1. Using 20 Å as the cut-off for backbone N distance, which residues of the stretch 7-39 belong to the label zone defined by a point 7 Å from the Cα of Q279 along Cα→Cβ?
2. Cα convex hull of the stretch 255-340: how many Å³ per residue?
3. To the nearest 0.05, how large is the calculated FRET efficiency for K208 and K386 if R₀ is 22 Å and r is the Cβ-Cβ distance?
4. For the stretch 359-429, what is the convex hull volume of the alpha-carbon atoms per residue, in Å³?
5. Using Cα-Cα distances under 8 Å and only pairs 6 or more residues apart, what relative contact order does the stretch 7-349 have, in percent?
6. Need one number: nm distance between label points at K87 and D241, each 7 Å from Cα along Cα→Cβ, rounded to one decimal.
7. About the Cα centre of the stretch 7-349, what is the dipole size in debye to 20, counting +1 per Lys and Arg Cβ and -1 per Asp and Glu Cβ, all else neutral?
8. Which FRET efficiency value, to the nearest 0.05, is calculated for I408 and D363 with the Förster distance at 30 angstrom and r the Cβ-Cβ distance?
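Values in this text are rule-based calculations from the coordinates and carry no lab data. All figures in this text were calculated on a predicted structure; none of them were measured in a lab. Glycine also receives a Cβ, built like all others from the backbone with ideal geometry; neighbour counts cover every protein chain displayed.
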Amino acid sequence: MAKQTDLNLRSATIYQVFPRQHSKKQNFEGIIDDLDRIQNMGVDIIYLLPFHPIGKKDRKGAQGSPYSIVDFYQIHPELGTLDDLEKLVDEAHKRDMKVMMDIVINHTSRDSVLTQTNPDWFYKKPDGSLANRVGDWSDITDLDYSNKEVWDYFIDVLKYWAKIVDGYRCDVAPLLPIEFWVEARKAVDQINPDLIWLTESVHPGFIKYIRDLGYDCSSDSQMYEAFDICYDYDIFDYMDDYLLKDNKKLSRWLEEIYHQEMIYPKNYIKLRNFENHDQKRLRSKVKDHYHFINMLTMMFFIKGTAFIYAGMEHEIDHYPDLFENDLIPWQKEKSLENYIKLLTTMKKDPTFTHGNFHLENHDDIAVFSYDYNDQYLLGIFNLENKDEVPVSLRDGIYQNMLNQEDIIVKHGKIELNHKPMIIRTNRGQKR
């Protein structure tokens, strides 16, 4: 784990923005217009998808993927200028929010500046044409990090943007040598020692696939050597197995969440992202509104940084197209913004940063808890609409922090409804 990692990031909420899809203006100004609303939800960090010029060669779709980058020092002219970006960052800071940018330095577009100036920095096929390690990404070509000149160039890129933004979300970072990231962080620390480092660590199956091709790919445990936060893709498939295949797989997913407590460093931080630009919307996977609310609340409760993909707060089930103009179909009538404000406020409690995290029930009902000093925090998420659940509380009347309703513990059990429950009490009330 990066030694300087701030554990308070466990209590933070990140809000992901796809600038092209976020507003009718489709630019930085449109995001600035929305900052007050975002701030009112209690968001701490705004994460922007790549905002650089997009390649035209072998482009996917009419607009192309923002991950197919022509020039890492430039901004897509349709999004605005450097001054516009700096204004966005400044306006976010005025509202006590930070801005994180997507760093995509595993590859470039096939017509990037670097393919013209430094063609020897890329993987090549036997015929000398540009190549990559993953065949589906046909609009990009992979950089070869066995060349130290590539390291030097991109460390300079990282140092440049570190003067402007507050954090990096690093795309498919495990595909680059972990030694590069360690060296890069040391260099960037000289400019911005408080910069937040988030790695898009990858699915275990993808790690195996890349390694079987003869390339290196780092595990999450390795990534913690340089990064503050790792994606939870190590267990994402278990969540999907539960949601999309068989509700009996719920217990396995819950056990895998808890298993992270044992296999990662003591000060590990996981990003709890139940949806993002690469994954289908959570609302499209759940059974109904109440199932969604239980999942959303649990996402904030379990140990790690909470993550909202813009639109989640309106129960959007449409998955925005990465390659076309596809504006978020905002649904204000379904707004959960006030509820999310409640969750982000709750998340600031030091219990979520420093408390001991436990799994108390992993059958049809997800029950997690924290203990911190003399406090005991219990979260109950009735994902399968069960009638009751045994708890480790003395019989009595407690209060649901989410809605102030009374919760009765009788004979060591709680009668359930469709709403999540969070109870705060002192440890003396545990049986």
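1. 9-19
2. Enclosed volume per residue, from the Cα hull, is 111 Å³.
3. Values: r = 36 Å, r/R0 = 1.64.
That pair, K208 with K386, gives E of 0.05.
4. Working: hull volume 5.3 nm³, N = 71.
Measuring per residue, one finds 74 Å³ for the Cα hull of the stretch 359-429.
5. Details: 600 pairs, mean separation 69.5, N = 343.
Dividing the mean separation by the residue count of the stretch 7-349 yields 20 percent.
6. Taking the simple label geometry, K87 and D241 are separated by 5.0 nm.
7. Values: 43 positive and 58 negative charges, 148 e Å.
The calculated dipole for the stretch 7-349 is roughly 720 debye.
8. Working: r = 21 Å, r/R0 = 0.71.
About 0.90, to the nearest 0.05.
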